[in-house]
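Q: I have a structure here, written as structure tokens, and I will follow up with some questions on it.
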Amino acid sequence: MIKVRDGDLDKLGLLFERYKKPLYGFFYGLTRERDLSEDLIQNTFMRILKYRHLFRGEGDFRAWLFHIARNVRHDHHRKDKTKNQDDVEDWKDRLGNHENRSVEWVRADEHEMLSMALARLPEDKREILLLSKFQENKYEVIGQILGCTESAVKVKVFRAMQELKTVYQQLEKIM
């Protein structure tokens, strides 16, 4: 990123290739829309290009990137006041072929319920779980992204996990 900041814009393509998948997972986890997630990735990199002069190189680039991505998502949400769709991702595509189909079906059901439970969480709790558990960011990095302390992140993750567990258990009773 320092090279991009200093004018070597060809290096932005390398950053895009390296970070498009983690960003996609982050955005898709929040929006549940494939096309929108891809658009938000593009907008994130356009904003990186626009504000590259603000990157100091002192902190973690990933934290700076996700901070920008988070702002892009919030800006989009403010502009497009539409509600997130409740459609559930088709987890069967993610499962490999197993000889035992019943195991595959149980896993698909568990993934579907987890996806549904995650979608029912408030956006701030869903976001913290996506950053910590799915993107596997360290709490220190998440604190930089969210603008809070590492210990505050630990508390937020704990509370989000507790609520996810509660929602998941409620879904189990219904289904």
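The values are calculated or read from the model by the stated rules, or taken from the named source; none is laboratory data. Since the model is a prediction, treat every value here as computed from it, not as a measurement. In this analysis, Cβ positions are derived from the backbone assuming ideal geometry, glycine residues included, and neighbour counts consider all displayed protein chains.
Q: Just checking, which of Arg73, Arg78, Arg5 is in contact with a Leu (Cβ under 9 Å, 6 or more places away or on another chain) and at pLDDT below 90?
A: Sole residue among the options that is in contact with a Leu (Cβ under 9 Å, 6 or more places away or on another chain) and at pLDDT below 90: Arg5.
Q: Ok, one more. Only one residue in Glu123, Glu110 is farther than 22 Å from Phe61 by Cβ, at pLDDT below 85 and either surrounded by fewer than 19 Cβ atoms within 10 Å (Cβ to Cβ) or more than 16 Å from the chain's Cα centre (by Cα) (or both), so which one is that?
A: On inspection, the qualifying residue turns out to be Glu110.
Q: Would you tally the residues in the range 1-13 being surrounded by fewer than 15 Cβ atoms within 10 Å (Cβ to Cβ), under 13 Å from Phe45 (Cβ atoms) and either in contact with a Lys or Arg (Cβ under 9 Å, 6 or more places away or on another chain) or not assigned by TED's automatic domain parsing to the domain that holds Thr44 (or both)?
A: Result for the range 1-13: 1.
Q: A further question on this structure: Being free of Cβ contacts under 8 Å to residues at least 24 places away in the same chain and of a type outside the set (Asp, Glu) is the filter here; which residues of the range 148-169 pass it?
A: Within the range 148-169, Cys148, Thr149, Ser151, Ala152, Lys154, Val155, Phe158, Gln162, Lys165, Thr166, Gln169 meet the criteria.
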